[in-house]
1. Find the centroid of the Cα atoms in region 16-77 and in region 155-182, then give the distance between the two in whole Å.
2. At a 10 angstrom cut-off on C-beta neighbours, averaged per residue, how do the peptides 340-347, 120-127 rank from highest to lowest?
3. Which far-off residues, 5 or more places away or on another chain, put their amide H under 5 Å from the one on LYS82, with H placed in the peptide plane?
4. Ranking request for peptides 40-50, 158-168: highest mean number of other beta-carbon atoms within 10 Å first, then the rest in descending order.
5. Under a plain spin-label model, where a point goes 7 Å from the Cα along Cα-to-Cβ, how far apart in nm are PHE313 and THR19?
6. Once phi is turned into θ = phi - 60°, what whole-Hz ³J(HN,Hα) does the Karplus curve with 6.51, -1.76 and 1.60 give for every residue of region 424-440, x standing for Gly and Pro?
7. Would you pull out the residues with amide H under 5 Å of ALA364's amide H, same chain only if 5 or more places away, H placed 1.01 Å from N?
8. Let's test the formula: R0 of 41 Å, r as the Cβ-Cβ distance of PHE75 and ARG129. What FRET efficiency results, to the nearest 0.05?
Amino acid sequence: MARLAAIVQSSDDAIISKTLEGKITSWNLAASRMFGYSSEEMVGRSITVIIPKDRLREEDMVLAMIRRNEHIEHFRTIRLHKNGTKIPVSLTVSPIRNAAGEIIGASKIARDVSALTQVEEERAILLAREQAARREAEGANREKDEFLAMLGHELRNPLGAISNAVHVLESVAKPDDATASARGVIARQTANLARLVDDLLDVGRVMAGKIMLDRKPLDLREVAERALGTLSEAGKVGRHLVTLDGVPVWIDADATRIEQIVINLVTNSLKYTPPGGSIRTRVAQEARTAVLRVEDDGVGIDETLLRHIFDLFVQGPPPLDGAAGGLGIGLTVVKQLAELHGGSVLASGAGPGQGTVVTVTFPAIPVPLREPGTSVALTSPPRRVLIVEDNDDTREMLRVMLELLHHTVRAAADGPSGIEAALEFQPDIALVDVGLPGLDGYEVARSSARPAARSNRASSPSPATDCRRMRCAPARRALMTTW
């Protein structure tokens, strides 16, 4: 017993014994240090002396559990120092038995957890700050995406009108017209602006999860060849040597988006490769993976920048000839589109002046039994076309351009008049802006289709269902719908 008493007195934890009525029967030195009362002051008094009034019910609960021969371990609560200071403690309470085995009291071990509580509180504060910062960052990111989408749409409206106006001028101008050079400048610069705006729109859509892929089996090499042909015909290649090699590799993908990936990668290489340099595009299959690789011998990328090259608005330093430009979003679009297709993208290089290699991978698929069919061109044969567009310049220029292509055109400026025109005009094709006053483009499509596609359906179909019925193809901010 003497040895046990010595252990109790030398313990760093407060060890207190009490009767089943809560009267203290022993009080060690650690209890004196923790609570400020001496043994002489506490033995014989009620344990409630060190219990806050708002926690007195805890003592009743503890004593009831002890009477039921239950043990309490690591119970976190608050106790009082003699000076009134609150002390966070962890309690372990066990029954005390007499020689006959009867429960006659309880032994309580109290450990001061003030330091642990402080650490936990600091951790909780840091976590709350981190969560608040994350919410703030996510909110700012959403606002940024919404701004990019709004900016892209607002810029695209006037660009569309300008582009259509140039096409109209080209259609009616004479070959030796003195304004031919000026028209060419307007057309080229409008196309450059449109590409930047399209990238802005795509970034906004991808970040908001609004990109819709029209996936079909396609030959990756064929798409790459078509994309390089587009760049060559547009005069983008300049004095660079641009080559393509590889083998046919089939993937399940959106042809327009894959072509966009190729164009963005090659355009980026053209910006950072001096005239006379080469850009090599290669398509290969490695096991079950389709690989698109674009390699150049341009200015290269610093290792620090390489880690962030696919981040939004990140660009390398411009060459001395000022050839570089853009907004630093083309490679971000590449990464997001590749990942939407279940693929990945990786940039590598040996450093400045050593060129850059960008590798995009997609899941490969077996060669399809037959190649997918192609769509009918808008220009053949002449059709009845309805335009529903609230921007006056865009609507007028599109109307004039289509009429020059020998189509019969009807135009409307809002949703209600668009529905009226569709029911009266019965067009073969309708070009409908999504964001219309009165009714949006989807509601125009639904309402215009109902008289021609009535059925015994119990409820109204979704926009996607109506689009399938009417063979509606989403454009960037419009519906191209055929009846």
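1. 92
2. Details: 340-347: 17.2, 120-127: 10.5.
Put in order of decreasing packing, that is 340-347, 120-127.
3. Amide H neighbours of LYS82, under 5 Å, 5+ apart: GLY36, TYR37.
4. Numbers: 40-50: 15.8, 158-168: 19.2.
Sorting 40-50, 158-168 by mean packing, highest first, produces 158-168, 40-50.
5. Placing both labels 7 Å beyond Cα along the Cβ direction yields 7.6 nm.
6. So the Karplus estimates, Gly and Pro as x, are 7, 7, 6, x, 6, 9, 10, 9, 10, 5, 6, x, 10, x, x, 9, 7 Hz.
7. THR289, ALA290
8. Details: r = 30 Å, r/R0 = 0.73.
Once rounded, the FRET efficiency stands at 0.85.
The values are calculated or read from the model by the stated rules, or taken from the named source; none is laboratory data. Just so it is clear, the structure is predicted and the values come from calculations on it, not from any experiment. Don't worry about glycine lacking a Cβ; one is built from the backbone with ideal geometry, like all the others, and counts go over all protein chains shown. Note: accessible area is taken over every heavy atom of the protein model, side chains too, but ligands, DNA and RNA are not part of it. Shrake-Rupley method; radii C 1.70, N 1.55, O 1.52, S 1.80 Å.
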